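The values are calculated or read from the model by the stated rules, or taken from the named source; none is laboratory data. For clarity, every value in this text was computed on a predicted model and none was experimentally measured. Glycine gets a Cβ as well: all are built from the backbone with ideal geometry, and neighbour counts include every protein chain shown.
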Amino acid sequence: MKKSFFEAPTPCGPCNVAYTDWGDTNNPNVIVCVHGLTRNSRDFDLLAEALSADYRVLCIDIPGRGKSDWLSNPANYTYETYCSIMSALVTYIRTPRINWVGTSMGGIIGMMVAAMPNSPIQKMVINDIGPFIPKSALKRIGTYLALDFHFDKQSQIEPHLREIHAPFGPLTDDQWAHMAKHGSRQDEQGQWRLSYDPDILVPFKDTMGDDIAFWEVWDAIKCQNLLIRGQDSDLLLNETAKEMTTRGSKTELIEFAGIGHAPSLMAPDQILAIQRWFS
């Protein structure tokens, strides 16, 4: 695995976008992995390692997260900006066709890119998100984002993550430690915070008052899809997941018991399911 950056245009000007690169860089078979709202590319380390025997795997830090630049105007933390960055990525790697793994926000970005005319996406894994999101789940996320979490020591990050991300399911101690190490940053005052720009909340606040539905995007997708759902998820409702398998392009649904939003994609059975689907 190597770590690198590419430059992408945004409404705020050029942005350095961080990514990890797994497998043979000359392999034309590419999988792009995109994380959830407050997460980062290192969530995919175990999955990317498993897939890298057969694919080049690129795991992206969306701007405002991980090692990527923060945007000077938080109003530009939008899906339009994120889709533009993905177009820049495809141009940068000079590969006309890609595959996609997207968790939550990363799944929404994937759906939007896949719905575009002449989309580069040929197969897509969508992790615990769909074209209908209930306002109750949006309010829960917005309430969490509005809290200003900071800690005196980096060691306090892991217990916090274990609490807020309990719906991810049973992770090992090493996996929690990995998430804490790569999901934290030290600010100018020496305090430890989670590794995202708190101003990603700014445009998100506008979405919290109502249910969100974008079935027209789903209906425009032509690629094959694997839909993964945590059986206790409050973002991807059971009825939404079922409807996604009966309309639009061919979609297979896999559910994991005892997990909410969202499956971590670190568990062996989840990794194996994705490996088999891409094989």
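Of the residues in region 256-274, not one is over 20 Å from residue 172 (Cα atoms), surrounded by fewer than 19 Cβ atoms within 10 Å (Cβ to Cβ) and aliphatic (A, V, I, L, M).
In the set (1) touching a His at 6+ places or on another chain (Cβ under 9 Å); (2) surrounded by 21 or more Cβ atoms within 10 Å (Cβ to Cβ), the condition left unmet by residue 20 is number (1). Look at region 18-38: where a residue is on the phi < 0 side of the Ramachandran plot and a partner is among the acidic types (Asp, Glu), sitting 6+ places away or on another chain with Cβ atoms under 6 Å, you get 18/61; 35/43. Look at region 184-206: where a residue is touching a residue at least 12 places away in the same chain (Cβ under 8 Å) and part of a helix (DSSP H, G or I) and a partner is among the aromatic types (Phe, Trp, Tyr) and surrounded by 17 or more Cβ atoms within 10 Å (Cβ to Cβ), sitting 6+ places away or on another chain with Cβ atoms under 7 Å, you get 200/77; 202/77; 203/77. In region 59-76, is there at least one residue being over 20 Å from residue 198 (Cβ atoms) and either crowded, with 22+ Cβ neighbours inside 10 Å or of a type outside the set (Asp, Glu) (or both)? Scanning region 59-76, I find at least one residue that is over 20 Å from residue 198 (Cβ atoms) and either crowded, with 22+ Cβ neighbours inside 10 Å or of a type outside the set (Asp, Glu) (or both), so the answer is yes.
For residue 228, are the conditions met, namely being assigned to a helix (DSSP H, G or I) and buried (at least 20 other Cβ atoms within 10 Å of the Cβ)? Here the answer is no, as residue 228 does not meet what is asked.
Here's the yes/no breakdown for (1) charged (D, E, K, R); (2) surrounded by 15 or more Cβ atoms within 10 Å (Cβ to Cβ); (3) touching a Phe, Trp or Tyr at 6+ places or on another chain (Cβ under 9 Å); (4) within 26 Å of residue 108 (Cβ to Cβ):
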residue	(1), (2), (3), (4)
132	no, yes, yes, yes
137	no, yes, no, yes
141	no, yes, yes, yes
145	no, yes, yes, yes
151	no, yes, yes, no
154	no, no, yes, no
157	no, yes, yes, no
163	yes, no, no, yes
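Just one residue in the set 136, 184, 155 is within 21 Å of residue 61 (Cα to Cα) and polar (S, T, N, Q); that residue is 184.
For region 67-118, filtered to residues that are over 23 Å from residue 235 (Cα atoms) and of a type in the set (Gly, Ala, Ser), the residue that is farthest from the chain's Cα centre (by Cα) is 72. For region 231-249, which positions are assigned to a helix (DSSP H, G or I) and surrounded by 15 or more Cβ atoms within 10 Å (Cβ to Cβ)? 240, 241, 243, 244, listed by residue number.
Let's see how each residue does on (1) under 19 Å from the mean Cα position of the chain (by Cα); (2) at positive phi:
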residue	(1), (2)
188	no, no
194	yes, no
231	yes, no
236	yes, no
242	no, no
248	no, yes
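Within region 148-191, the set of residues being aromatic (Phe, Trp, Tyr) and either touching a strand residue (DSSP E or B) at 6+ places or on another chain (Cβ under 6 Å) or under 27 Å from residue 202 (Cα atoms) (or both) comprises 149, 151, 168. Right, residue 123: part of a helix (DSSP H, G or I), out of contact with any Asp or Glu (no Cβ under 6 Å at 6 or more places or on another chain) and among the charged types (D, E, K, R) or not? Here the answer is no, as residue 123 does not meet what is asked.
Here residue 222 passes the criteria (1) modelled with pLDDT under 95; (2) over 19 Å from the mean Cα position of the chain (by Cα); (3) under 18 Å from residue 112 (Cα atoms) except the one numbered (1).
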